[in-house]
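The values are calculated or read from the model by the stated rules, or taken from the named source; none is laboratory data. Being a predicted model, the structure only gives us computed values, none of them experimental. All Cβ positions, glycine included, derive from the backbone under ideal geometry; neighbour counts span all protein chains shown. Note: accessible area is taken over every heavy atom of the protein model, side chains too, but ligands, DNA and RNA are not part of it. Shrake-Rupley method; radii C 1.70, N 1.55, O 1.52, S 1.80 Å.
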Amino acid sequence: MARLHEYQVIGRRLPSEQEATPKLFRMRIFAPNQVVAKSRYWYFLSKLHKAKQANGEIVSVNEIYEAKPLVVKNFGIWLRYDSRSGTHNMYKEYRETSRAAAVESCYQDMAARHRARFSSVQIIRVATVKASEVRRPYIQQLLQPGLKFPLPHRVQRPAKKADRALIIAQRPSTFY
């Protein structure tokens, strides 16, 4: 799957005699490109309101960029997906640098754990979650102060290639 982008798609029904200025509908869609974003927009809009692409128009499509793409944040994602047995609602949490990356991780996770395809997963809402409000233990364990990761199997290497010996008498010591 290509890298996902977040798009804001605004559309409406075509003006008619009964409704001269139709209501605008805005959605935030995660898709690899603008064409897929428009297609997903009409898919969701036809489920929510009595509107379809044949009697509607797209007013604007804008890509939404992350405000702080270098800061790691906690994201909560509410989603619905169709499994082999039925439709299920779900809440999942991810630690990523952007909303689009969190949704991409969500799609990969749903495919791995639940065998849910891209077309059967519907993202309902994506929100940034404060560290104090994180619910899932697999994200809470990453929020502990003074978190350290072990550095196993560290092989000491010479500073310069010229100092390297081709044959060494003993095996390297990789633990400290």
(message) Please count how many residues of region 134-173 are assigned to a loop (DSSP other than H, G, I, E, B) and either of a type in the set (S, T, N, Q) or under 38 Å from the mean Cα position of the chain (by Cα) (or both).
(response) 21
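If I filter region 50-57 for residues that are under 13 Å from the mean Cα position of the chain (by Cα) and of a type in the set (Gly, Ala, Ser), do I get at least one hit?
no
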(message) Tell me the residue from Arg99, Arg125 that is within 21 Å of Arg28 (Cα to Cα), under 13 Å from the mean Cα position of the chain (by Cα), open to solvent by 100 Å² or more (accessible area, probe 1.4 Å) and in contact (Cβ under 8 Å) with a residue 12 or more places away in the chain, please.
(response) Arg125
(request) Inspect region 4-20 for any residue being within 27 Å of Arg135 (Cα to Cα) and outside any strand (DSSP E or B) and give the result as yes or no. (result) yes
(request) Among the residues of region 68-96, write down those that are open to solvent by 60 Å² or more (accessible area, probe 1.4 Å), among the aliphatic types (A, V, I, L, M) and touching a Lys or Arg at 6+ places or on another chain (Cβ under 7 Å). (result) Val72
(request) Look at Ile10 and say whether it is among the aliphatic types (A, V, I, L, M), within 24 Å of the chain's Cα centre (by Cα) and farther than 21 Å from Ser119 by Cα. (result) yes
(request) Return the only residue of Lys52, Lys47 being over 26 Å from Lys130 (Cβ atoms), exposed (fewer than 14 other Cβ atoms within 10 Å of the Cβ) and touching a Ser or Thr at 6+ places or on another chain (Cβ under 7 Å). (result) Lys52
